[in-house]
Amino acid sequence: EQVTTRLRHYVSNEAERLAFAQALGIDPESLVSLTSQEAEAILTWLNSRSLHFGQSAYIALETLLGDAGISYSRTELATRLILTDILTGTLTPLETEDLVISIYAMRRVAASYTLQARGYKMTFHAMKAMYEEACRLEPEACDFRFTILIDGDHYVMVTGIKQMVKTDGGGTVLLDQNGSPILDDYVTFIDPSAGPEGALDLITVSKEEFL
């Protein structure tokens, strides 16, 4: 409802568009042309989607804001994320798939809440090195976490990366040719779509499963 009201106001008030976009933290040069007909087509598509889609982005950003002690409203947060992707052309009248919030929208909306976030494309090795650098003093008590986009459409929050003894499906420790336990990198993360809200599951998988 908030998206509908504010998007219709945006397209019908040309003189206010720049101020509207700036309030969302959108760079003026990132705005795309949007007619009322195109806006209505996007709204029709949005209203046909399940509320579940886009949830991983909302909850991931909520967690980061909460960790930083920044207050927010979920409705306002979701509205800003969706409007940002509409006004910058990420969401268009041609959409047919499910709602996926862009990394650009995540960064811009985070910034509008005074939370500075950066977007990076990195290898697993680089991700592990970043975590180890942040947690080298107290790895077991480290509260460093970061949000990543996996499979192109789902956000999860990584809370830990460490080496553990590798086991088979039955829990038996795997050994190398010398009879020593095989070590492997394991990733622990929170999946916003797994478990009840407020008590999300903490999932640990091997590097191979994660990738």
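The values are calculated or read from the model by the stated rules, or taken from the named source; none is laboratory data. Everything numeric here is computed off the predicted structure, so don't read it as measured data. Neighbour counts are summed over all protein chains in view; Cβ atoms, including those assigned to glycine, are modelled from backbone coordinates with ideal geometry. Heads up: the accessible areas ignore ligands, DNA and RNA and are worked out on the full protein's heavy atoms, side chains in. Shrake-Rupley method; radii C 1.70, N 1.55, O 1.52, S 1.80 Å.
Pairs of Lys residues in the chain that lie 8 or more places apart, or on two chains, and have C-alpha atoms under 15 angstrom apart add up to 4. Charge dipole (Cα centre; +1 on Lys/Arg Cβ, -1 on Asp/Glu Cβ; no other charges) of the chain amounts to roughly 460 debye.
Order these peptides, 99-109, 182-192, 63-73, by their mean beta-carbon neighbour count within 10 angstrom, highest first.
Values: 99-109: 21.4, 182-192: 17.7, 63-73: 13.0.
My ranking of the peptides, most packed first, is 99-109, 182-192, 63-73.
Taking amide H positions as modeled 1.01 Å from N, with prolines and chain starts lacking one, the residues under 5 Å from GLY160 and 5 or more places away or on another chain are THR188. Apply the a/c threshold of 1.5 to the C-alpha gyration tensor of the range 70-178 and tell me whether it is rounded, prolate or oblate. Since a/c reaches 1.5 and a/b is larger than b/c, the shape of the range 70-178 is classed as prolate. Give the longest segment of the chain that steers clear of GluC sites (Glu not before Pro) in DSSP loops with at most 11 neighbouring Cβ atoms within 10 Å, not counting the sites themselves. Longest gap between qualifying sites, sites excluded: 2-96. If you sort LYS121, LYS207 by accessible surface, 1.4 Å probe, largest first, the order is LYS121, LYS207. Between ASP184 and GLN37, full extension at 0.36 nm per residue minus the direct alpha carbon distance yields a gain of 47.6 nm.
Normalised Debye scattering of the chain at q = 0.11 Å⁻¹ gives log10 I(q)/I(0) of -0.62, counting only Cα atoms as equal scatterers and leaving out solvent. Across the alpha-carbon atoms of the range 67-130, the computed radius of gyration and Dmax are 14.1, 41 angstrom.
I need to check one value: relative contact order of the range 110-211, counting alpha carbon pairs closer than 8 Å and at least 6 residues apart, in percent. Write down the numbers at each step before the final one.
On the way: 122 pairs, mean separation 17.2, N = 102.
In percent, rounded to a whole number, it is 17.
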